[in-house]
Amino acid sequence: MTERLLTVTDLAVTYRTRHGDVRAVRDVSLHVDAGETVALVGESGSGKSTTAAAVVRLLADGARIERGTVDLLGHDVAHAAPRALKAVRGRLVGLVPQDPTVSLNPVQRIGAQVAEVLRIHGIAGRRGAEVAAVEALRAAGLPDPEVRARQYPHELSGGMRQRVLIAIALVAGPRLLVADEPTSALDVTVQRQILDHLETLTSGTGTGVLLITHDLGVAADRADRIVVMSQGRVVEQGTPDAVLGSPQDTYTRALLAAAPSLRGARTRPRTSPAAKAAPPDPVLEARHLVKDFALPRSAGGGRLRAVDDVSFALPRGRTLALVGESGSGKSTTARLALRLTDPTSGAVLVDGEDVTRTHGERLRALRRRMQVVYQNPYASLDPRWSVERIVTEPLRAFRVGDRTSRAARAAELLDVVALPASALRRRPAELSGGQRQRVAIARALALQPEVVVLDEPVSALDVSVQAQVLDLLAGLQADLGLSYLFISHDLAVVRQVAHDVAVLQRGRVVEQGDVEGVFASPQDEYTAELLSAIPGGRARTTVGGAR
Amino acid sequence: MTRYLAVRLAQALGVLWAAYTVSFVVLYALPGDPVSLMYGGDSSDITPEQLAAVRAEYGLDQPLPVQYVRQLGRVLQGDLGTSVVNGRPVTDLVAEAVPPTAQIAALGLVLALVLGGGLAIVATFVRSRSLSQTLLSLPPLGVAIPSFWFGLTLVQWFSFTFPVFPAVGNKGFSSLVLPAITLALPTGALIAQMLSRSLLGTLHEPWADTARAKGASRTRVHLQHALRNAALPTLTVTGLVIGGLLSGAVVTETVFSRAGLGRLTATSVGAQDIPVVQGIVLFAATVYVLVNLLVDVLYPLLDPRIVRVRRPRPAVAPVPTSSGEPALVGAA
């Protein structure tokens, strides 16, 4: 019988908002034993992060624990006094927060931030804490820990910062680790390294882990038990095999069906064998694109080659995915293709015509043929405008039609993206993330473009919403003959929607070809690494069997 | 760092030149002859010949560009001209007026920082929501109260009702107190406003939660983590309000009948003593520029993100951004 670290019983948390109380968590019970990793899975709004916050009593202002208990090794965390809480946090339970880029104090050195835990709990003196901090950083897998300890957070990459946060969480040797989406802000390969490392660190010491994630693939790979939450309730829990192999709850099934990392089915329209044999002429072509950026003098000057000799062709009516991690140059390539920025050298061709030096009125005309959908539907829509005004803006900009015909077109476009006509009068804030992205797609389609650049169009959305938006995009491509340039870091998504794929690393195309070929037998080492980093590897076989 | 300083210094000189030029244009190029203004316009006891002689004496018979270049040349040599009221050099007048003003300004600034900063820290720290709200509503009130009224009220209470401090004059430390408090009120209110806003913001940053998750006490999170981050925008505002202290001195010194730069400004403007006014403008601009230069130099010490490269950094990895745009960081 292993020791029970955490017992959450009938927990209920309510947020007080202007529009009345929101019951974020209702009757959640779960437990974590020593040496066990429990994954808490759900979509945004499911209450999983609130549950995690309640375990360390770091709830947002206005949140109140209504009922229930949180028992951490005999300490009643839910009702503990501040002083008692202080002794628990950091010492008995460590927290790895969601976004490493904003979770470290920007004006304090790394070493001091790690050492602070030991100083707070009186575990070590000043010197001892410094030494221990460097050791903790080393254990967290940070290279050159002595140097890093003297640096500031902004001098480290996101992955390195997450390792620092892991060091902070583990330095005092807590019995339980709460990791709230610890890798969702990181690249897949970094994500895998970090999760691997976390596993090694905790398994050796018998530390229990409560892992909060929206990614069933991650949960399947890492957890001993999975707890699925929906609308503030636990809907299912059990071993990964049980939950993923034979889900009992309808929500779990829906979540499973939508998880891109676990589903092999494709959304994209199948191309007929004939079309495959002779691909149509490229509607958009890039030839030897190069883009240099001048580095700021403070960074030592010089130039950074963001895009290095990138060539690709996007055949009409197909989808070409540009895949790569942060800094691979995929977004810059997209901006070059859209002619939003000028290449240092190389050419962009639209329908065989060189448009690299096009400017003025002709460039404006070109804009009608190429539209873009951005990653974040929360940021790319003007919050003060109605949906109708947003969708018809391109029409007004190009003086297409009159007021009546534009209104009609707006209604038509909403219909195309499967939004109700009543949404026309709404503002973005009144819509969900998925609905907003539909509005962004409708706006991109307003001028009937030939090419749509999709810059990470679903990475800000929940998996089930992701699946819906991807289905919509595939349907639109089939109906309207659109060509997509699909920018993504998520190979699982790419596998579903793209016909062709180009893998970018440090500004260069390392591999290019049709999706089946590249995914089945990657030729480049980096591609292989990216593919193996897709979470859910452990579970795919299980799920495949159940399908 | 040297380069950074050199650039800032060049900018500072540019600002001074601009301030001088604008004041020259405003004071000399506007319609109305300075000399006629000085000698009461159409008074008949000065003959046109005498006026012409005075104009020639001040170089006012020359075309404006020539006057400008000449004066600028003199200013560069440290000669700000002479007062038309009492014929004394402007540099002497300003030099005499600065110390008493500097005394109340310095004391006022210290009071403003201590009281304003303290109020902000306490207001954001107390657990009681109503107390916090009450304290947070004080700064806007402080900004809204007119200084002359506040100064007169202080005199009424602490000089007449309870004679603790002298109502007027320049003698001793006790004469500094009431003017300094009067000066500190709007300044401190502004600092309190700024700092409390920043503190409330930084306390909600994710890294503040990281500190709490370490087991840090409220005091520790507040003073060791939030305050230093919140101090950054406040420092900028402090640089700006020091300029405000000089203009505040005009009202304060008038109310308390103190000699000083404020009084000199008021009397010189009243007497249309243009060379003195211009000298004061130049002095105020210099103070302003120096203070902001100091703030710029202090900033990198408080915020490591602003520091210029001083030592080669070991292999800095690119910082991933959410958009996947390559980050232009690193490469030492």
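The table below gives the values:
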item	result
Separation of the B:Asn86 and A:Arg150 label points, Cα + 7 Å toward Cβ, nm	5.9
Number of Lys pairs (Cα under 26 Å; 8 or more positions apart or on different chains) in the protein assembly as shown	5
Total formal charge among the other residues, if their Cβ is under 10 angstrom from that of A:Ala397, Lys/Arg +1 and Asp/Glu -1	+4
Computed E for A:Glu199/B:Val98 - FRET, C-beta separation, R0 56 angstrom, nearest 0.05	0.25
Relative contact order of chain A, pairs being alpha-carbon contacts under 8 Å that are 6 or more residues apart, as %	16
Nonlocal amide H pairs with A:Val283, under 5 Å, H built at 1.01 Å	A:Leu314, A:Arg316
Packing-based order for A:52-61, A:416-425, A:248-257, using average beta carbon neighbours within 10 Å, highest first	A:52-61, A:248-257, A:416-425
Apportionment of accessible area to carbon and sulfur, segment A:4-260, percent (1.4 Å)	49
Backbone HN-Hα couplings from phi across segment A:81-91 [Karplus 6.51/-1.76/1.60, Hz, Gly and Pro as x]	6, x, 5, 5, 5, 4, 6, 7, 5, x, 8
Residue-normalised accessible area of the protein assembly as shown, expressed per residue, 1.4 Å probe, Å²	44
Shielding of A:98-108 by partner chains, average beta-carbon count, 10 Å	6
Cα-projected label distance for B:Ala52 with B:Val126, points at 7 Å along beta-carbon direction, nm	7.4
Contour excess over end-to-end distance, with Cα ends at A:Arg233 and A:Gln448 and 0.36 nm allotted per residue	73.0 nm
Peptides A:343-355, A:233-245, A:201-213 ordered by average Cβ neighbours within 10 Å, highest first	A:201-213, A:233-245, A:343-355
Label-point separation, B:Val15 to B:Val269 (7 Å along Cα→Cβ), nm	2.1
Other protein chain Cβ atoms within 10 Å, averaged over every residue that makes up B:295-304	1
Förster radius 51 Å - calculated FRET efficiency between B:Ser147 and B:Tyr299, Cβ distance, rounded to 0.05	0.95
Estimated vicinal HN-Hα couplings, Hz - segment A:110-121 in sequence order (Karplus 6.51, -1.76, 1.60; Gly, Pro = x)	3, x, 5, 5, 6, 5, 3, 4, 5, 5, 4, 8
Estimated 222 nm signal from helices in chain A, with DSSP H stretches of n ≥ 4 weighted -39500 (n - 2.57), rounded to 500	-11000 deg cm²/dmol
Share of carbon and sulfur in the accessible heavy-atom surface of segment A:282-535 [1.4 Å probe, %]	47
Sequence ranges B:9-21, A:7-19, ranked by mean other-Cβ count within 10 angstrom, highest first	A:7-19, B:9-21
A:Tyr484, B:Tyr299, ranked by accessible area, largest first (probe 1.4 Å)	B:Tyr299, A:Tyr484
Cβ neighbours within 10 Å from other chains - mean over B:214-226	5
A/B buried area, accessible surface, summed, 1.4 Å probe, Å²	3900
Phi-based couplings in Hz for segment B:273-290 (Karplus 6.51, -1.76, 1.60; Gly and Pro marked x)	7, 4, x, 5, 4, 5, x, 5, 4, 5, 5, 4, 4, 4, 4, 4, 5, 5
Share, in percent, of DSSP beta bridges within chain A that are antiparallel, nearest 5	55
Cut-off under 5 Å, modelled amide H: who pairs with A:Met229 long-range	A:Val41, A:Gly42, A:Val235
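The values are calculated or read from the model by the stated rules, or taken from the named source; none is laboratory data. Here the structure is a predicted model, which means the values were calculated and not measured. Don't worry about glycine lacking a Cβ; one is built from the backbone with ideal geometry, like all the others, and counts go over all protein chains shown. When the accessible area is computed, the model is the full protein with side chains, heavy atoms only, and any ligands, DNA or RNA have been set aside. Shrake-Rupley method; radii C 1.70, N 1.55, O 1.52, S 1.80 Å.
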